[in-house]
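Following: one structure in structure tokens, then a few remarks.
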Amino acid sequence: MELPPIAGLLKVVRMPVKTLPAFITETHRNPDLAHLCMQMFYILLAMGQREFALDMQARALKLRRLYRLDGPEQPAIRVLALMAPGDMLDNTPIEFLIEHGDVRLDLLYLLPDQAPPTDIPEHDVVMVAIGESDRNRPLLEQAQTLLANWPQPMLNRASAVMNCARDRAYELLHDIAGLVMPRTQRLKPEQICSPRFPLTIRPVDTQAGTGLEMIENRTALDAYLQRHSGPDYFVADYVDYRSHDGLFRKLRIVLIDGEPFICHLAISENWMVHYLSAGMELSESKRAEEAALMENFERNFGQRHGTALRGVARRLGLDYVVLDCAQARDGSLLLFEVDSRAWIHSTDDAALFPYKPAVMQQAYDAFRAMVWQRMTRL
């Protein structure tokens, strides 16, 4: 099946700004309206115009459900990804894993209450890239039915992706030896009767810290529920994981075929640690610590917590999943979140972060090796 290639988000982000106007002009010369709208989705997403971008995507999906990202002309591996409408908050950003590689990526979008297309391009491996959420659950159920007798090898079974729900992950993982996971419950406002303070709370189906707060008493909780009205919340015990110097350190680790690979270390003065707000680019000492951890991960952190990490991989049953974690004060692995959608990348300024590309390439190579192994085993 011949599909016109589309420049994905990563390719658009890497374009020099001065070339974007010409690229947009060329995009609008394409008579294929579905192609034009989906290309504009990626352009607008790269420009930070998320709502406008999602509107373009919705227009594209009314016309066609299958798209091919720009990639190698002679691919060694052909991957078909099942996608949900949305962006990286809704799907595994696979394109970041295969940049400069020999993998062709086709995206097949599933839509609620609509049968999937019957014309499917030839592929070697199919991957469920749809992320876990209430909104995506009908699509994951659709994917599970669709792939029940699929002839090609599969990555990330839909039923296993559902294990990433915060309360489900806690039930599955909290008793693994060497691991600590804050007790997490999904509750309606009226069910939050006798909470244990301090706690963290966030509305269900939120990501990237949206609506997430640490609550220390009943008055603060009542005020939070007034500000963030909703049907359901994830309520978790707060675990103080400050290091001896008073800073909070959070690691992002990807498990690929059960093996852990480091993606970053964020060091922050705030308990809610996000890499983009941790000021890593402003602190030479923070970057030096991250570099040392990344370059020695396999011998140090990875070895120390290897048993717990591999236990997480076994219980989740996912071929690819990202963890946000830390080291607890007692030396255990402190696990905050598991998610097949979380972003791993090597797009940071190489002048500031020269240690990252080589370390991240290990994860990309492992992903490619996993896909190749599944393909050739069949």
When region 224-268 is checked residue by residue, the ones that are under 21 Å from Pro354 (Cα atoms) and either at pLDDT below 95 or β-branched (Val, Ile, Thr) (or both) are Ile253, Val254, Ile262, Ile267
Tell me, yes or no, whether region 348-366 has at least one residue that is modelled with pLDDT under 95 and surrounded by 14 or more Cβ atoms within 10 Å (Cβ to Cβ). yes
Need a quick list: strands (runs of 3 or more DSSP E) entirely within region 123-204 having at least 2 residues that are within 30 Å of Leu69 (Cβ to Cβ). 125-128
Taking only region 148-161 into account, find how many residues are surrounded by 17 or more Cβ atoms within 10 Å (Cβ to Cβ) and either assigned by TED's automatic domain parsing to the domain that holds Tyr233 or more than 19 Å from Gln373 (Cα to Cα) (or both). 3
Counted residues, region 302-334 - those being over 22 Å from the mean Cα position of the chain (by Cα) and of a type outside the set (A, V, I, L, M): 7
Out of all the residues in region 56-87, which are within 23 Å of Glu132 (Cα to Cα), out of contact with any helix residue (DSSP H, G or I) (no Cβ under 8 Å at 6 or more places or on another chain) and part of a loop (DSSP other than H, G, I, E, B)? Arg65
Select from region 190-223 the residues that are surrounded by 14 or more Cβ atoms within 10 Å (Cβ to Cβ), over 28 Å from the mean Cα position of the chain (by Cα) and at pLDDT 90 or above and list them in ascending order. Ile192, Ala220, Leu221
If we scan region 277-300, do we find a residue that is out of contact with any Lys or Arg (no Cβ under 6 Å at 6 or more places or on another chain), under 23 Å from Phe234 (Cβ atoms), surrounded by fewer than 22 Cβ atoms within 10 Å (Cβ to Cβ) and at pLDDT below 95? yes
Unique match (being free of Cβ contacts under 8 Å to residues at least 24 places away in the same chain, surrounded by 15 or more Cβ atoms within 10 Å (Cβ to Cβ) and farther than 21 Å from Asp257 by Cβ) among Met83, Met56, Met88: Met56
Against the definition (part of a loop (DSSP other than H, G, I, E, B), surrounded by fewer than 17 Cβ atoms within 10 Å (Cβ to Cβ) and touching a strand residue (DSSP E or B) at 6+ places or on another chain (Cβ under 8 Å)), how does Asp119 come out, yes or no? yes
Near pairs, Cβ below 7 angstrom, 6+ apart or cross-chain, from region 16-31 (under 16 Å from Ile6 (Cα atoms)) to any residue that is at pLDDT 95 or above and assigned to a helix (DSSP H, G or I): Ile24/Ile43; Thr27/Leu36; Thr27/Gln39; Thr27/Met40; His28/Leu36; Asn30/Leu36
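The values are calculated or read from the model by the stated rules, or taken from the named source; none is laboratory data. Predicted, not measured: the structure shown is a model, and the values here were computed from it. Cβ sites come from the backbone with ideal geometry, for glycine too, and all protein chains shown count toward neighbours.
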